[in-house]
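The values are calculated or read from the model by the stated rules, or taken from the named source; none is laboratory data. All of these numbers come straight from a predicted model, not from anything done at the bench. When we count neighbours, we look across all protein chains shown, and the Cβ atoms used for this are built from the backbone with ideal geometry, even at glycine.
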Amino acid sequence: RKEVEQDPGPFNVPEGATVAFNCTYSNSASQSFFWYRQDCRKEPKLLMSVYSSGNEDGRFTAQLNRASQYISLLIRDSKLSDSATYLCVVNIRGYQKVTFGIGTKLQVIP
Amino acid sequence: DVKVTQSSRYLVKRTGEKVFLECVQDMDHENMFWYRQDPGLGLRLIYFSYDVKMKEKGDIPEGYSVSREKKERFSLILESASTNQTSMYLCASSINYEQYFGPGTRLTVT
């Protein structure tokens, strides 16, 4: 089983729609979680950290479910500019490195 | 803002050549990383460094080496380039497990 798993998509959604992605992780010692955004032919950029209590940044909400070992990203009122690949990232306690999921591609359609 | 720069955006090399990819960060981060990104495989960790002159193998170190003589600079070396090393190479520096990427080097080995 992969350490971090994501549905690669693509998810094609109309403008204004709400879309949610999940990411599962296999190691119960995982302690830090992040969502990154990667535009086509660009480097990944940190979108948001995921806290145990969940966190929100504008139209974006991230949540952590430790019992089921997954994190989620919810995007409300999708914009054309949200079209990108969203990468789930996990750090395991005691390690300096992180593990990236393969990414979920989102295409917002006019 | 964290700034991570990479020496080249595009590079074309011949099989058997020695290739140097340079990465510089300006935020005094302890940790630096080299990844390669390939379609369908996502980001894979080649090597990372948590201090000057310290390095650790990532998931796919074969055919690569690294050098970190100064805190701000982390170099990736392909000792004898091969066609299967054609890829996008991404450098990152990190604090609190948050990774900040350079723009990437697209390397083609012919």
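Scanning the stretch A:73-85 for residues that are in contact with a Ser or Thr (Cβ under 8 Å, 6 or more places away or on another chain), part of a strand (DSSP E or B) and buried (at least 17 other Cβ atoms within 10 Å of the Cβ) yields A:73, A:75, A:85. Taking residues in the stretch A:83-110 that are over 11 Å from residue A:36 (Cα atoms), and partners anywhere that are of a type in the set (Ser, Thr, Tyr) and in a loop (DSSP other than H, G, I, E, B), the pairs with Cβ atoms closer than 7 Å and at least 6 places apart or on different chains are A:91/B:97; A:98/B:97; A:106/A:83; A:107/A:83; A:108/A:78; A:108/A:83. Filtering the stretch A:1-36 to residues that are more than 26 Å from residue A:81 (Cβ to Cβ), charged (D, E, K, R) and in a loop (DSSP other than H, G, I, E, B) leaves A:1, A:2, A:3. For the stretch A:74-97, the set of residues classified as charged (D, E, K, R) and within 19 Å of residue A:15 (Cβ to Cβ) consists of A:76, A:77, A:79, A:82, listed by residue number.
Taken over the stretch A:27-53, residues that are away from chain B (no Cβ under 14 Å) and surrounded by 14 or more Cβ atoms within 10 Å (Cβ to Cβ) amount to 1. Within the stretch B:75-105, can you find the residues that are closer than 16 Å to residue B:22 by Cβ, among the hydroxyl-bearing types (Ser, Thr, Tyr) and within 14 Å of chain A (Cβ to nearest Cβ)? B:89, B:93, B:105, listed by residue number.
Scanning the stretch A:37-59 for residues that are assigned to a strand (DSSP E or B), over 13 Å from residue A:106 (Cα atoms) and of a type outside the set (Lys, Arg) yields A:46, A:47, A:48, A:49, A:50, A:55, A:56, A:57.
Table: residues versus (1) of a type outside the set (Gly, Ala, Ser); (2) at the interface with chain A (Cβ under 9 Å from one of its Cβ atoms); (3) surrounded by 20 or more Cβ atoms within 10 Å (Cβ to Cβ); (4) over 11 Å from the mean Cα position of the chain (by Cα).
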{"position": "B:4", "(1), (2), (3), (4)": "yes, yes, yes, yes"}
{"position": "B:16", "(1), (2), (3), (4)": "no, no, no, yes"}
{"position": "B:38", "(1), (2), (3), (4)": "yes, no, no, yes"}
{"position": "B:108", "(1), (2), (3), (4)": "yes, no, no, yes"}
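The rows are residues; the columns are (1) over 24 Å from residue A:101 (Cα atoms); (2) modelled with pLDDT of 95 or more.
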site: B:10; (1), (2): yes, yes
site: B:19; (1), (2): yes, yes
site: B:36; (1), (2): no, yes
site: B:40; (1), (2): no, no
site: B:68; (1), (2): yes, yes
site: B:92; (1), (2): no, yes
site: B:102; (1), (2): no, yes
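What pairs come out if I take residues in the stretch B:45-58 that are within 9 Å of chain A (Cβ to nearest Cβ) and pair them with residues that are at pLDDT 90 or above and assigned to a loop (DSSP other than H, G, I, E, B) whose C-beta lies under 8 Å away, six or more apart or interchain? Close Cβ pairs (under 8 Å, with a partner that is at pLDDT 90 or above and assigned to a loop (DSSP other than H, G, I, E, B)) amount to B:45/B:58; B:45/B:59; B:45/B:60; B:48/B:58; B:50/B:30.
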